[in-house]
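Shown next, in structure tokens, is the structure this report addresses.
No lab work stands behind these numbers, since they all come straight from the coordinates. Remember, predicted model here, so these are calculated numbers, not experimental data. Positions of Cβ are backbone-derived with ideal geometry, glycine not excepted, and every protein chain shown enters the neighbour counts.
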Amino acid sequence: MRRRITLLVPAVLFVTLVLGVDAHASRSPTRQEAREIRQDAPLYLEGHGWRVSGIRVSTVSNQYAKAAVQQGRGGPAGEMILRLRHGIWHEAFLGTNEFCSAPVPKRVLNDLGFRC
């Protein structure tokens, strides 16, 4: 048993270093955050029928979050980066690429999974 643990520890350390697991990682939103984001995000989207899903909140700064948005089943879709100001989640960026150009701190973008 001890031999298995001795072999397992270096293997886990190796995988962690090779994959570059971040010390920080975004988190799932609280119920209130999710409700607020689902309510506020569509304010910046044209038309009706938008679904907001895949919400993650930054652990670097809980003032930032990301969410996947899609209109209907086959309609337009993208990723939205939101910033919490004065109790309202505001759009900081909306698109399908060039996330690193968003006016958001790079540490936050990396924490939300954009790897800038």
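On the beta carbon distance between residue 90 and residue 27, with R0 = 25 Å, the FRET formula returns roughly 0.80. When the Cα atoms of segment 30-94 are aligned to their principal axes, the ranges along those axes come out at 33, 22, 19 Å in descending order. Annotation: amide H of residue 25 within the under-5 Å range of 59, sequence separation 5 or more or interchain, hydrogens built in the peptide plane.
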